[in-house]
Amino acid sequence: MLGEFPAALQSAPIPMKKFYITTAINYVNDDPHIGHMYESIAADVIARHRRRMGDDVRFLTGTDEHGQKIERAAAKEGVLPIELADRVVRAHHDLLKRLNISNDDFIRTTEARHRIGVLEVIRRIQERTPDDIYLGKHSGWYCQSEETFIAENQVRDGVDQDGHKVEWTTEKNYFFALSRYTERLLTHYRTHPEFVWPPTRLNEVIAFVEQGLRDLSISRTSIKWGIPFPGNPDHVIYVWLEALINYISALGFGSADDENFRNYWPADIHLVGKDIVRFHSVYWPAFLMAAGIELPRRVVGHGFWLRDQMKISKSLGNVVRPYNIIDDFGADALRYYVTREMVFGQDQDYSDQSLLTRYNADLANDLGNTLSRAIKMSDSYFGGRTPPTPCDDNELMRQAQAIVPQYLRQMDELAFQRAIETAWQLLVSINGYIVSREPWKHFKEHGADETLSRMIWNSLESLRIVWVMMAPFLPSSTTEALARLGADPGRIDAKALEWGGLPNGAPVRVTDPIFPRVDVAQYIGETKMQDPTAPPPIETTQAAPPGLAKISIEQFMDVDLRVAEVRAAERVPKSKKLIKMTVSTGDEERTIVGGIGTKYTPEELVGRKVVIVANLQPAKLMGVESNGMVLAASIDGEPSLVSVDPSVPNGTRVR
Ligand code: MSP
């Protein structure tokens, strides 16, 4: 088909698709926490992915600085609202940098460009549909913490359904005629079912609107800290109406320089927490309809991070701010955990312990070790370089080609957890490939021949693709890993997901582990000691069985059990019990001393498959250093080795 087009057209660049993504803007009454971090990270993963797929991405985040909540928090600290806002904004900027967030813009609702946009929206509504904004009297249950009136049927004993205190309040306010938009909104949801995601949230929104909407009070006289209502400065504009407009005021809407608005609006994704989906999918589209502005394409509601299954909140004193994790393990450790652990849209419990357990198992062990292992082999067999011969027909290539489209679909569906699992399928295959081919054996027998070159090149090339898939989640480690692999560290685009990108004869770098392992128990103990505000350890009501205390699955996963083959064995001189064994775990050999000499002879051990604890601290037994332990059952002191099927490859993890 291409041949039918004139040559000039064939080489014309494909126009980029614009992609505008926003996060909610954060209140500045308190420092950022895990919820804010998660939202920035999730939006960043989407933005980085779209950017590398060739879209013209605009990514906005920012702060929501007006309203009673901020006014009160500042008064409590004895500072001006703007002083409090400046301090918290600095904390957000600092955090975005530390988390490696690639936002293109950051809007503060105290900026002039925001005020211009807000006033222009109100002007347009008043001009187009003058009856949509009217002055009226309003009485109702007002919740200060949510800055909104609460329907009567949701109030009980002076608190709303979330447990916030409400007060009976009468105000003369400006109103927005939201009730007129009930049908138009329902029609929009019906014709654009993708408008709210996940679908459960859409159903909630529809059920809410179907009950009929009440007009919305959009000004306050009780508050000073806000944007004065046009034509009536005794009122300030209701903070939610004002805040939602940030998504277009940041693009220059209402100003002479509105090129960004013309280029990027409507937003492709408004990413927000599930608690504020309603504001974004009911009020916001109604305001836009009234002002004659196109509606955003999609409101995506993510779940909540909890602590001990409870909502985190300042008043409960259980707010999670894992700055220590970012400092000690890097942003990628946190980025990985929050995107891998949370099923997008659902709630998830946070703990440093589960983060570090995942870090050890997935990043240090699976991803990091496979990388160093493959690079080390290339380094020693091919003189510090990637092998000279590529390979364009092999099982890893076929698997990569099947996996990448699946991964891309999952990324489009924002199913981060599944996308990462998909990348892991390839990683597991690479490990299996290496273990079953035993390149170290091939090298010993045949030297660095073409077969070995292909074997190592395939491993490195498929690893390169795994890392490119992980790039949006682990941006800085990916750059480092690609450089170590001998690949171009900047190439993470759609083309880089294709087989064949790794150059031959490029220098590889053998150095420290990319994700050094952590001793979880020790780290948790130390950080607790450093943090005097940390809650006391949770007391268990269930008694532990006599003898041994129960351990968590995380603690169990900390034990690295591996299949190994005994290559050589001899008795330790002057000992009846101890046998010194050389065992192979695939790519390396180590010495383990075991007290099994009363039952087994060295000769019958050679060639046998055993299970070892691979991450035990070295210990000296009768002058011989033992690196690990061989598992055996003890029947009245008589050992019986734990065995596995001889076909299980050396190095396979036992769980
Ligand atoms: N200022 C409003 C949003 C206005 S958008 C026009 C606001 N701010 S917030 O600081 O309370 O929350 C900011 C974002 O963080 C929201 O999307 C909220 O849902 C999200 N999170 C706050 N706590 C959270 C968790 N514990 N977990 C995940 N995200 C949560 O709402």
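List of remarks:
- Residue in the range 208-224 that is among the aromatic types (F, W, Y), modelled with pLDDT of 95 or more and in a helix (DSSP H, G or I) present: yes
- Hits in the range 620-639 - residues which are open to solvent by 40 Å² or more (accessible area, probe 1.4 Å) and in a strand (DSSP E or B): K620, L621, E625, M629, A632, A633, S634, I635, E638
- Evaluating P233 against the criteria (1) touching a residue at least 12 places away in the same chain (Cβ under 8 Å); (2) more than 16 Å from the ligand (Cβ to nearest atom) leaves one unmet condition, (1).
- For the criterion of being within 20 Å of W240 (Cβ to Cβ), in contact with a Pro (Cβ under 6 Å, 6 or more places away or on another chain) and not aliphatic (A, V, I, L, M), P296 passes.
- Selection from the range 398-421 of residues that are open to solvent by less than 10 Å² (accessible area, probe 1.4 Å) and over 15 Å from the mean Cα position of the chain (by Cα): A400, I403, Y407
- The single condition among (1) open to solvent by less than 10 Å² (accessible area, probe 1.4 Å); (2) under 27 Å from P649 (Cβ atoms); (3) touching a helix residue (DSSP H, G or I) at 6+ places or on another chain (Cβ under 6 Å) that S453 does not satisfy is (3).
- Within the range 366-480, helices (runs of 4 or more DSSP H) holding 3 or more residues that are among the hydrophobic types (A, V, I, L, M, F, W, C): 370-381, 395-412, 416-437, 450-470
- Residues in the range 223-243 that are touching a Phe, Trp or Tyr at 6+ places or on another chain (Cβ under 7 Å) and charged (D, E, K, R): there are none.
- Scanning the range 224-248 for residues that are among the small types (G, A, S) and more than 13 Å from D64 (Cα to Cα) gives a single hit, G231.
- Note on the range 305-351: among residues that are touching a strand residue (DSSP E or B) at 6+ places or on another chain (Cβ under 7 Å) and under 17 Å from D362 (Cβ atoms), the one that is farthest from the ligand (Cβ to nearest atom) is E341.
- Annotation: of all residues in the range 48-69 being without any contact (Cβ under 8 Å) to a residue 60 or more places away in the chain and within 16 Å of the ligand (Cβ to nearest atom), the one that is farthest from the chain's Cα centre (by Cα) is E65.
- Being under 21 Å from the mean Cα position of the chain (by Cα), closer than 30 Å to D55 by Cβ, at pLDDT 95 or above and open to solvent by less than 40 Å² (accessible area, probe 1.4 Å) holds for only one residue in L427, L502, L460, L485, and it is L427.
- Residue in the range 160-168 that is modelled with pLDDT of 85 or more and either in a helix (DSSP H, G or I) or acidic (D, E) (or both) present: yes
- Cβ-Cβ under 8 Å pairs, at least 6 apart or on other chains, the range 301-326 side of a type in the set (K, R) and part of a loop (DSSP other than H, G, I, E, B), far side open to solvent by 40 Å² or more (accessible area, probe 1.4 Å) and more than 10 Å from the ligand (Cβ to nearest atom): R321/D31
- The single residue among F287, F261, F304 that is at pLDDT 95 or above and under 25 Å from Q346 (Cβ atoms) turns out to be F304.
- For the range 125-145, the set of residues classified as charged (D, E, K, R) and crowded, with 17+ Cβ neighbours inside 10 Å consists of D132 only.
- Search result, residues across the range 208-230 that are closer than 24 Å to A75 by Cα, open to solvent by 50 Å² or more (accessible area, probe 1.4 Å) and away from the ligand (no atom under 16 Å from the Cβ): T221, S222, K224, P228
- Within the range 260-304, being among the basic types (K, R) and either away from the ligand (no atom under 13 Å from the Cβ) or crowded, with 23+ Cβ neighbours inside 10 Å (or both) holds for R262, R297, R298.
- Condition broken by D55, with the remaining ones in (1) modelled with pLDDT of 95 or more; (2) more than 28 Å from V468 (Cβ to Cβ) satisfied: (2)
- Condition check for K76: away from the ligand (no atom under 16 Å from the Cβ), open to solvent by 40 Å² or more (accessible area, probe 1.4 Å) and under 20 Å from Y27 (Cα atoms): yes
- Of the residues contained in the range 338-345, none is found to be farther than 21 Å from I276 by Cβ, more than 13 Å from the chain's Cα centre (by Cα) and open to solvent by 30 Å² or more (accessible area, probe 1.4 Å).
- The residues listed here are S249, S255; of these, the one that is open to solvent by 20 Å² or more (accessible area, probe 1.4 Å), over 17 Å from W197 (Cα atoms), of a type in the set (G, A, S) and touching a residue at least 40 places away in the same chain (Cβ under 8 Å) is S255.
The values are calculated or read from the model by the stated rules, or taken from the named source; none is laboratory data. Source: prediction; values computed, not measured. We place every Cβ from the backbone using ideal geometry, glycine too, and count neighbours over all the protein chains shown. Accessible surface is based on the protein model in full, side chains and every heavy atom, while ligands, DNA and RNA are left aside. Shrake-Rupley method; radii C 1.70, N 1.55, O 1.52, S 1.80 Å.
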